[in-house]
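Novice: Got a structure for you, written out below as structure tokens; questions coming shortly.
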Amino acid sequence: MKTDRRKFLKSLAGLSSLAASAVPGASSARSSAGISKAQIQDIRLSKNKGYVRLVFDLDGTADHSVFALHKPERVVLDIKNAKMPHGMVDQVQANSLIRSIRSGVRNKNDLRVVFDLSESVTARSFLLAPSGKSGHRLVIDLHDSKKPVEKSATVKKSRKRDVIIAIDAGHGGKDPGATGRSGTREKTITLQIAKRLEKSINKQKGMKAVLTRKNDRYLRLRDRIHKARDNHADLMISLHADSFPDPRARGSSIYALSVDGASSETARMLAEKENAADLLFGDVNLAVEDQMVKEVLFDLSLTGTIESSLDIGGEILGQIKTVNRVHKKKVQQAGFAVLKAPNIPSVLLETAFISNPREEKKLRSSSHQQKVAKAITRGVSKYFARKAPPGTWLAASEGEHFVNNGDDIKTIAKNHNVKEEDLRARNALYADNLMAGQVIKIPVS
Ligand SMILES: [Zn+2]
């Protein structure tokens with residue numbers, strides 16, 4: 001068996017064209033009773049923190065197996081009763097991990113793909129059923145095996161990182177966004193609120209804010225996404241102000257991305273309006289870059305990013321309604337291009353209607369802007385107090401404290417020898433009343 005495999009691998013070298021010469025039809029019926037061969041339609045590669053992901057687009061389901069071989073390091077993928085067009089593996093660019101990819105036919109009908117690697121990995125694979133615009137997919141994740149296991153938390157506690165919040169002030173520069181009846185421009189309001197939000201977030205222990213723009217400049221939607229990604233953001237909040245022909249329309253609303261279309265007609269129209277900035281002012285239209293969009297949506301649906309976005313959106317909405325009327329009681333969903341940041345939960349907040357004279361006035365007022373910034377901060381920290389990414393200060397704790405009758409935040413902080421503000425930040429405690437039985441996380445110092 002082992003020698004056979006060796007021989008086979010040897011014979012594969014330089015023979016990536018073999019797959020094309022497979023003769024369909026002449027084969028005996030295999031696993032699925034005479035069903036024609038699964039065809040690989042595309043291979044996509046994405047690099048992620050700690051792993052490289054390969055996605056094989058298939059026109060149907062397929063039995064497969066994945067195993068690793070060492071010295072030299074390789075990962076072998078066998079797909080039963082499958083074929084792949086000539087030269088397809090050559091599309092996948094070599095990178096620091098994958099030195100080369102070869103493919104060949106095995107047992108007359110099966111496809112074998114060999115990845116030559118520069119280091120040892122742990123391979124994980126799974127199949128995905130069609131969803132949205134994507135068809136059948138086979139996903140192979142090559143995880144860095146040297147990645148240290150998160151165990152020595154007590155040793156590293158001083159090096160816990162902050163949760164990074166990317167704040168995106170909508171519009172800017174040549175794209176003013178909507179304009180209110182008194183001439184207030186959306187791009188000005190969003191930047192003012194963004195800066196207040198930045199300050200408010202940075203005051204919060206365990207969180208750090210980054211702005212996609214700090215001044216009145218035009219940014220394409222994809223540049224906003226890149227900015228968030230380059231800063232390793234854990235969340236992106238895009239700030240906007242709504243407008244509608246009827247000046248009576250009012251209230252705040254919050255949106256997350258949808259893979260399968262908009263949750264309402266209003267949501268769809270709004271997404272079209274916000275996406276139009278790129279059509280009007282940008283040199284690239286994100287919407288027509290089908291392949292990228294497909295990939296991103298796939299990744300989002302796969303990693304549960306949309307689910308997290310809805311969760312965060314719900315927390316923010318819960319806080320926003322204490323400072324402004326809420327236009328829609330639930331987090332809405334639509335295809336906003338700016339929310340398509342791979343692996344980064346993203347929400348878009350329409351702070352209020354700039355087209356409503358009363359709300360326009362509110363949006364201009366610094367005290368209202370401050371209230372909005374504080375409300376967003378509370379919502380965000382409530383979410384991350386529950387679900388901070390591993391390795392962050394907000395995810396760590398020394399232990400738990402079960403609240404007894406008569407306990408207050410000050411005493412708990414004192415008894416556990418932690419700062420009161422840290423205790424508040426770690427647990428997103430904004431009010432002073434604690435409930436008996438409530439569990440308080442004791443932050444790491
Ligand atoms: Zn806008």
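Taken together, the values in this text are just the output of simple stated rules run on the coordinates, not laboratory data. Note that the structure is predicted; figures quoted are calculated from it, not measured. As a convention, Cβ positions derive from the backbone with ideal geometry for all residues, glycine included, and neighbour counts pool all protein chains shown.
Novice: Treating the Cα atoms of the stretch 361-434 as identical point scatterers in vacuum, please give the log10 of the normalised Debye intensity I(q)/I(0) at q = 0.11, 0.16, 0.25 Å⁻¹, two decimals.
Specialist: For the requested q values the scattering log ratios are -0.37, -0.68, -1.17.
Novice: Turning to a different aspect of this structure: P(r) for the stretch 109-257: what percent of alpha-carbon pairs falls in each 5 Å bin, starting at zero?
Specialist: Bin by bin from 0 Å, the calculated values are 2, 7, 11, 12, 12, 12, 11, 11, 9, 6, 4, 2, 1, 0, 0.
Novice: Hey, could you get me the Stokes-Einstein D for the stretch 213-272, Kirkwood radius over alpha-carbon pairs, 37 °C and 0.692 mPa s, rounded to whole µm² s⁻¹?
Specialist: 233 µm²/s
Novice: Tell me which chymotrypsin sites (Phe, Trp or Tyr not before Pro) from the stretch 387-445 have a DSSP coil assignment and no more than 13 other beta carbons within 10 Å of their own.
Specialist: On the way: sites: Trp393, Phe402, Tyr430; in loops: Tyr430.
Here the chymotrypsin sites (Phe, Trp or Tyr not before Pro) that fit, given the DSSP loop and packing criteria, are Tyr430.
Novice: Please report, to one decimal in angstroms, the Kirkwood hydrodynamic radius of the stretch 313-392 built from all distinct Cα-Cα pairs.
Specialist: On the way: mean 1/r = 0.0714 Å⁻¹.
Evaluated over the stretch 313-392, this radius sits at 14.0 Å.
Novice: Considering the options Ala436, Val418, Ala385, tell which one lies farthest towards the positive end of the dipole of the stretch 342-445, charges being +1 on Lys and Arg and -1 on Asp and Glu at the Cβ, about the Cα centre.
Specialist: Going by the charge dipole, the pick is Ala385.
Novice: Let me ask another. Run the count for the stretch 332-383, please: Lys pairs, Cα-Cα under 21 angstrom, 8 or more apart or on different chains. Present the calculation step by step, with values, prior to reporting the outcome.
Specialist: Working: Lys361/Lys371; Lys361/Lys374; Lys362/Lys371; Lys362/Lys374; Lys371/Lys382; Lys374/Lys382.
Lysine pairs, 8 or more places apart or on different chains, close enough: 6.
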